[in-house]
Amino acid sequence: MLRLSVLPGPPRSRMPEYKFPPAFAWGTGSSAYQTEGGWQSGGRGLSIWDAWSHTPGRVAGGAVADAAADHFGRWRDDVRLLHRMGVPYYRLSLSWARIMPAGVGAVNEDGIRFYSELIDSLLRHGIRPVVTLYHWDLPLPLQLEHDGWLSPRTAAAFVAYASLCFERFGGRVLHWLTLHAPAQHAVNGYARGEHPPGRTVAPTREPYLAAHNMLLAHALAAARLRKMQAARPTDQRALLSLGVHADWREALSGSEADADAAQRSMAFTLGWMAAPLYTGAYPPAMRAALGDALPSFTAEQAALLRNSSDFFALQHYSTLMVSRPNATFPPLPETSFYAAEGVRWHSTRGARKNSLGWDIAPFGLYKLLKHIDETYQPRGGIVITESGFPSRGDDAAPHEATRDTARVCYLKRQSALFHRAMGEGVPVRGYFVWSLLDAAEWEHGFGTRFGLVRVE
Ligand code: NOJ
């Protein structure tokens, strides 16, 4: 496996230069399943993604991430790459199954050692690790024996795993993300069926239950970290958050009906996770549409949630336009997960599509940042912990794959937009490009590339 075309010079452009505060956190990231490989090395257990990708027909081209970008074997090279790039922060995720092969109980010390050495090496190179505890790769036994995220037992198992990680890596890791994009994970696994466990039997109920248990897992893990920190008052206090995914939803027309539709759509995407974190309850629009299909938080859980995040961790990729359903765009069937949202989606006017078919509409990031700031006024500001641009995974355009012109343009445009939001008072504290390396893109296999560094 080769790392190619490291750091091509950006194309010359006449864009103005933007100044960012010296403390602005620039970074890039990766996730364990997508990048590590070494799926049967070092005592690692199996995750739901190993079982899924080894099941014929689940991943494009039958691609498995057994080797992925071989970060497990080549992590020293990868740290050197990060160092050469000069990024001050690196977001990585830990493989729960590498640390606790069964998801509960026995600890795999080889797994702890792997991450320990990686973290130490990053620190030695002046790179601060931002550690995600869970990026969608649930240990397989928790799916088979506990019913995965449909069961609160999985949330309890997560808290035990998180506590172990705080204990073993704490002091060195000062930025934690508990779970990554729970709503997206729940919809893909329990409504769309494109990710494991691939359930589509109760798409109007199970995604809400799965996401609810993940929110509780986050809140309980956050409380555990605070307790551990209170016992060591002289240590530097680590910051913690939950990764929230949100596209921007723009009203299709200037009509009041479409403005309402856009607002509802934001409640169902961003608000589903953000409202519990900042208000302790799901958005009223979701409660009104879903009733008891949406679980509720007790007063104690609500209080834990409201105090759980030290900054807003945002994952953003695209923008869609929405309208109220009408004769031309009738409502969706009631059995669809998306029916309750009560809107119709449209391509963004004038936007081209990227290699994953998403609208290329960077302006949405600016609007989203303003919206988050106005709606939640998150303490600790907003860190864009994940955003990037997919290019084609094949070698039809090798020049493009090494020059990365489209990716560079997209990232420049985005930087200009969050710089503008910052100038208007939105407290954006960091930006992490997804991803360091080309890697396994879930159900798309290796058919698309996000990497700043091309992997062959
Ligand atoms: C979602 C996920 O966080 C990440 O794993 C994935 O590769 C990117 N966004 C692109 O789809």
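Relative contact order of the chain, please, whole-number percent, based on alpha carbon pairs below 8 angstrom and at least 6 residues apart.
Once normalised by length, the contact order is 19 percent.
Can you tell me which lysines have their Cα less than 20 Å from the Cα of residue 19? Leave out same-chain residues fewer than eight positions away.
370, 412
How about segment 322-387: which GluC sites (Glu not before Pro) there lie in a loop by DSSP and see at most 15 other Cβ atoms within 10 Å?
Answer by residue number: 334.
Considering only DSSP beta bridges whose two residues both sit in the chain, what percent are antiparallel, to the nearest 5?
The answer is about 20 percent antiparallel.
How do 85, 266 rank by accessible surface area computed with a 1.4 Å probe, from largest to smallest?
The ordering from most to least exposed comes out as 85, 266.
Excluding residues on the same chain fewer than 8 positions from residue 367, give the aspartates and glutamates whose Cα lies under 15 Å from its Cα.
Output for residue 367: 247, 250, 424.
How much accessible surface area, in Å² rounded to 10, belongs to the heavy atoms of residue 298 with a 1.4 Å probe?
For residue 298, solvent-accessible area is about 70 Å².
Assuming R0 = 41 Å, what is the FRET efficiency of residue 256 and residue 302, from their Cβ-Cβ distance, to the nearest 0.05?
Efficiency, rounded to the nearest 0.05: 0.80.
Residue farthest toward the positive end of the dipole of segment 25-449, with Cβ of Lys/Arg at +1 and Asp/Glu at -1: which of 53, 146, 284?
Working it through, the farthest residue towards the positive pole turns out to be 284.
Projected onto the charge dipole of segment 298-448 (+1 at Lys/Arg Cβ, -1 at Asp/Glu Cβ, origin at the Cα centre), which of 417, 313, 342 gives the Cα projection farthest towards the positive end?
417
Can you give the relative contact order of segment 77-173 as a percent, counting alpha carbon pairs under 8 Å and 6+ residues apart?
Computed value for segment 77-173: 34 percent relative contact order.
Residue farthest toward the positive end of the dipole of segment 164-238, with Cβ of Lys/Arg at +1 and Asp/Glu at -1: which of 203, 169, 181?
Of the listed residues, the answer is 169.
So what is the diffusion coefficient of the chain in µm² per second by Stokes-Einstein at 20 °C and 1.002 mPa s, using a Kirkwood Rh over Cα pairs?
Translational diffusion coefficient: 96 µm²/s.
For segment 135-240, state which trypsin sites (Lys or Arg not before Pro) are in a DSSP loop and have at most 14 other beta carbons lying within 10 Å of their beta carbon.
Passing both the DSSP loop test and the Cβ count: 237.
Suppose accessible area is computed on protein heavy atoms with a 1.4 Å probe; arrange 36, 443, 424 from highest to lowest.
In descending accessible area the options line up as 424, 443, 36.
With θ set to phi - 60° and the Karplus curve 6.51 cos²θ - 1.76 cosθ + 1.60, what are the ³J(HN,Hα) couplings of segment 30-39 in order, to the nearest whole Hz, using x for Gly and Pro?
Each residue of segment 30-39 in turn: 7, 10, 4, 4, 6, 10, 5, x, x, 5 Hz.
Using a 1.4 Å probe, how large is the accessible area of residue 48, given in Å² and rounded to the nearest 10?
10
Would you mind telling me the share, in percent, of accessible area of segment 240-325 contributed by carbon and sulfur at probe 1.4 angstrom?
53
For Cα pairs less than 8 Å apart in space and 6+ apart in sequence, what is the mean separation divided by the residue count of segment 225-270, i.e. the relative contact order in percent?
The value is 33 percent.
So what is the 222 nm mean residue ellipticity for the chain from helices alone, if each DSSP H run of at least 4 adds -39500 (n - 2.57) and you divide by all residues, rounding to the nearest 500 deg cm²/dmol?
It comes out at -12000 deg cm²/dmol, rounded to the nearest 500.
Identify the trypsin sites (Lys or Arg not before Pro) of segment 14-98 meeting these criteria: DSSP loop state and at most 16 other C-beta atoms within 10 Å of the C-beta.
Those satisfying the criteria are 14, 19.
By average Cβ neighbour count within 10 Å, what is the ranking of 182-189, 214-221 from highest down?
214-221, 182-189
At 18 Å minimum axial length over the Cα atoms and a Kyte-Doolittle cut of 0.5, report the qualifying DSSP H helices in the chain, or say none.
Taking the DSSP H segments of the chain (at least 18 Å long, mean hydropathy at least 0.5), we get 152-169.
Can you tell me the dipole magnitude for the chain around its Cα centre, using point charges on the Cβ only (Lys, Arg +1; Asp, Glu -1), in Debye to the nearest 20?
That gives the chain a dipole magnitude of about 1200 debye.
The values are calculated or read from the model by the stated rules, or taken from the named source; none is laboratory data. All values reported here derive from a predicted model rather than from experimental measurement. Heads up, the Cβs are rebuilt from the backbone with ideal geometry, glycines too, and the neighbour counts pull from every protein chain shown. Accessible surface areas use protein heavy atoms only, side chains included; no ligands, DNA or RNA. Shrake-Rupley method; radii C 1.70, N 1.55, O 1.52, S 1.80 Å.
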